[in-house]
Structure formats: C-alpha cells, structure tokens
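Since the structure comes first, as structure tokens, the remarks are kept for the end.
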Amino acid sequence: MLPVPPTASIFHSNRTVLIDSEVTLQCLATGDKPVTITWTRPGMSTEQLVTNPRITVSKTTLSIVDVQPSDEGQYECQAHNPFVSMGGRQTSTAEASITVQIPPKTRLSLLSPFKAGQTARLLCQLTEGSADSVRWWKDGMSIPFTQKASHRMKIQMESWRSNMTSVLVVHNVTDPLDSGVYECSVENEDVIDITKQQSKSAFLVDLSSKYVLRTISLNTFGSYNYNYYDTTTTSSMYL
C-alpha cells in the first residue's frame with residue numbers, strides 16, 4: 001500500500017492581534033508518518049525566522065511574543081514525507097496571515113501661551129495607531145463640532161485617520177467661565193480589544209491661578225498624573 005501523502009492546515013489561519021501581545025500559529029498535518037513540519041515566511045527560511053529572539057518554532061507551532069508591525073504578513077507551514085513514492089505529493093503547504101493592530105494614543109498640548117482675555121488653542125494629536133472619530137469635552141460635557149459663528153469655542157480639524165490633529169480654539173478666555181477640565185478623545189472601533197479602542201488626554205485649566213494643570217490618563221479607569229505649568233511661559237507644553 002502506498003503511503004498517504006501529507007496534508008497541512010493551520011488552525012485559525014487569519015489572526016488579528018494587538019501590538020506588544022502574543023500570538024501562536026498551530027500547524028496540523030495528516031497523512032502517513034513520518035511527517036516533518038517546517039515554518040517559513042515568503043523569502044525567509046526557518047533558520048532566518050528563529051534568529052528573531054521573539055519567535056519560537058516547535059514541532060507544530062510558531063509563537064511570537066511582543067508582536068511588532070514587522071511581524072505582520074504571511075506565514076507558511078510545510079508538511080513533508082520523503083517516503084511518498086515518486087510522482088506522489090511529498091510536501092503540502094498551508095498559509096496563515098497575521099495582522100497587527102496599534103491602538104490609538106493621543107497627546108494634548110497647548111499651542112501657545114495665553115492670558116485671560118486672549119485666545120487659547122489646545123492641540124490634540126494622534127501619536128500612535130489610527131482613529132475613526134475625535135471628540136472634545138469640557139467638564140465631562142461634549143463640545144459639538146458645529147458652533148454658531150458668534151460662539152467663542154470652535155473645533156478645527158486637520159488630517160484624519162492615521163495622522164489626525166484637532167485644535168480646540170477658545171476666544172476671549174475668561175475666568176471662571178472657561179476654567180475647567182478639557183479633554184480630547186479618539187476612538188477606533190476596529191481595534192479588537194474594546195478596552196483599548198479609545199485614548200483620552202486632558203488639561204485642567206485654572207485661570208484664577210494662571211496655571212494649566214496638565215494630566216494624562218494612566219489606565220482605562222481614568223487615573224491621572226498631575227503636573228503644573230505656567231500658562232505665560234513661551235514653550236509649548238506636551239504630555
């Protein structure tokens with residue numbers, strides 16, 4: 001009886017993972033023994049793969065830790081039986097793909113120093129990942145994009161998706177009307193981990209003391225670090 005040729009398949013062949021996470025591909029091989037399994041990438045041998053310290057290859061699995069954008073792409077599993085007779089199929093190849101997602105991160109800064117009665121401009125920048133939407137808040141209340149021409153508070157948009165910037169302009173800043181917590185949040189609903197779909201940065205503007213309290217969220221529960229900066233200084237203030 002002739003040996004049954006090998007057939008390779010990959011369990012969950014299309015994987016979407018977050019940057020800095022872990023992923024494992026598992027190759028399944030059927031057919032008569034002995035069957036050996038090797039992993040490759042297009043243009044890269046198994047030996048070249050394992051030179052990456054983040055990649056581990058075992059008999060049937062390929063594992064990547066601390067996933068990076070360079071890991072995105074196609075992977076191949078080959079099942080081989082050298083004892084299949086001449087003319088028979090000795091090797092079977094299965095393909096898998098890895099897509100790496102980068103959750104959005106924002107940075108909020110003051111474009112220029114200001115005093116009471118002047119114009120304040122807060123810049124929200126998307127520093128990592130991509131975003132589908134941006135929103136501005138003051139003291140927990142959403143600031144609408146569409147404002148009347150006479151309104152002192154306006155939102156300006158620049159580019160979008162992977163290189164987004166948005167500016168909140170507040171004309172004729174007055175205390176205590178304009179004192180409070182200003183927040184910018186961006187969201188990408190495509191990110192697989194719902195807790196990492198959104199990034200938020202915040203300023204607390206206290207005009208009575210002529211200081212800006214700069215804050216940045218530490219986790220999804222809204223914890224913050226606090227640092228004081230004088231609004232009359234000439235340097236921009238970045239998170």
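Find all pairs meeting these conditions: Cβ atoms under 9 angstrom apart; at least six residues apart or on different chains; first residue within the range 59-85 and on the phi > 0 side of the Ramachandran plot; second residue acidic (Asp, Glu) and open to solvent by 30 Å² or more (accessible area, probe 1.4 Å).
Partner pairs satisfying both residue conditions: 66/20; 66/22.
Which of the following residues is open to solvent by less than 50 Å² (accessible area, probe 1.4 Å) and either closer than 30 Å to residue 172 by Cβ or in contact (Cβ under 8 Å) with a residue 60 or more places away in the chain (or both): 40, 93, 119, 46? Please lay out each step first, then the result.
On the way: 40 fails: either closer than 30 Å to residue 172 by Cβ or in contact (Cβ under 8 Å) with a residue 60 or more places away in the chain (or both); 93 fails: open to solvent by less than 50 Å² (accessible area, probe 1.4 Å); 46 fails: either closer than 30 Å to residue 172 by Cβ or in contact (Cβ under 8 Å) with a residue 60 or more places away in the chain (or both).
The unique qualifying residue is 119.
Among (1) at pLDDT below 85; (2) in contact with a strand residue (DSSP E or B) (Cβ under 6 Å, 6 or more places away or on another chain), there is one condition residue 154 misses while meeting the rest; what is its number?
So residue 154 meets the others, but not (1).
Given the conditions (1) open to solvent by less than 80 Å² (accessible area, probe 1.4 Å); (2) modelled with pLDDT under 85, which single one is not true for residue 234?
Answer for residue 234: the failing condition is (1).
Looking at (1) open to solvent by 40 Å² or more (accessible area, probe 1.4 Å); (2) in contact with a Ser or Thr (Cβ under 6 Å, 6 or more places away or on another chain), which is the only condition residue 33 fails?
Among (1) open to solvent by 40 Å² or more (accessible area, probe 1.4 Å); (2) in contact with a Ser or Thr (Cβ under 6 Å, 6 or more places away or on another chain), residue 33 violates only (2).
Mind checking which residues of the range 180-214 are modelled with pLDDT under 75, of a type in the set (D, E, K, R) and crowded, with 18+ Cβ neighbours inside 10 Å?
Applying the first criterion (modelled with pLDDT under 75) to the range 180-214 yields 203-214.
From the residues that got through so far, the ones that are of a type in the set (D, E, K, R) too are 206, 210, 214.
Within the range 180-214, just 214 meets the criteria.
Listed residues 30, 60; which is modelled with pLDDT under 95, in contact with a Cys (Cβ under 8 Å, 6 or more places away or on another chain) and under 23 Å from residue 6 (Cα atoms)? Show your work before the answer.
Values: 30 fails: in contact with a Cys (Cβ under 8 Å, 6 or more places away or on another chain).
The match here is 60.
The values are calculated or read from the model by the stated rules, or taken from the named source; none is laboratory data. These numbers come from a predicted model, not from an experiment. Virtual Cβ from ideal backbone geometry, glycine too; neighbours counted across all protein chains shown. These accessible areas exclude ligands, DNA and RNA; they are computed on the full protein's heavy atoms, side chains included. Shrake-Rupley method; radii C 1.70, N 1.55, O 1.52, S 1.80 Å.
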